[in-house]
Amino acid sequence: MPISYFLVLSSLLFAFGVYGVLARANAVMVLLSIELMLNAVNINLVAFSAFFTADGVGGQVFALFVIAVAAAEVGIGLAIVILLFRNRQTVDVDDMSYMKW
Amino acid sequence: MAETWQEIVFSIIALVMALAGVRVVTTRNVVHAALYLVATLMGAAALYIMLFAEFVAWVQVLVYVGAIVVLMLFGLMLTRAPIGTGDFDNDQRLIAALVAAALFGVTSWIMVHAFAGQNVEFAREVGTTSRDIGREVFTKYVLPFEVVSVLLLAALVGAIVIARRDLGIQGTPEETS
């Protein structure tokens, strides 16, 4: 089967993630959409390494690194969301414009 | 024949992932969105198994489905945000849909045309073992591995410092309501 199947599926998921980040107002929903985009990237990395390298290890290692960074990102992101909720009683990202010029 | 079965399985997984993915960004319930994300992530794990990447598939299940989504659900519980039905979209929905559709069109067009002429096949017939990945991580990619370790430690400490309640200025604890 051609590699473009995987690439098209991954770009579809990435587009869903972009839509979610742009259109969602709830901060936790934005974090979920970011996870969707990171997953699309991971599918690309694993697909390219499975199709184009002899041993297929490099892309998998990069996918593992992306997963680790995603775990760190979601931990910090949720801590920030919880702090915002404690101080402002809302998780709406449109209300978080105090530092916007 | 094996090719046909591969394509059938891929189509089923892709359909499930696409439907769950579109529900993640359109559903009105945050908990439902997190659970639809679980379906998408499990589909990605199935794709990794199809691509002979078993270790990444199980790491995906353990870390993403087991840890990240559970963390998300805990975050929802702790914020006591309105998690029921509600309008969680802002007023950029139309332009966001346009941007996402344009992005999908451009990237998928580029990718399909870049690999249209060449009929690339799987470079391997057997899976990559955890042994191969471990050897590669601890030899070739040992510096990024250590950097990721420090990053995770920093994220752990940072998350605790950001989210803890009794960390006032100059050691004066804030009133715990």
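Below are the figures for this structure:
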quantity	calculated
Cβ-based exposure ranking for B:GLU3, B:GLU54, A:GLU35, in which fewest neighbours within 10 Å come first	B:GLU3, B:GLU54, A:GLU35
Relative contact order for the stretch A:3-95, counting Cα pairs under 8 Å that sit 6 or more residues apart, in percent	30
Exposure proxy ranking, count of Cβ atoms within 10 Å, fewest first, for B:THR128, B:THR4, A:THR90	B:THR4, A:THR90, B:THR128
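Values quoted throughout were computed directly from the atomic coordinates according to the rules given, and no laboratory measurement underlies them. Small disclaimer: the values here were computed from a predicted structure and weren't measured. Reconstructed Cβ throughout: ideal geometry from the backbone, glycine too, with neighbour counts over all protein chains shown.
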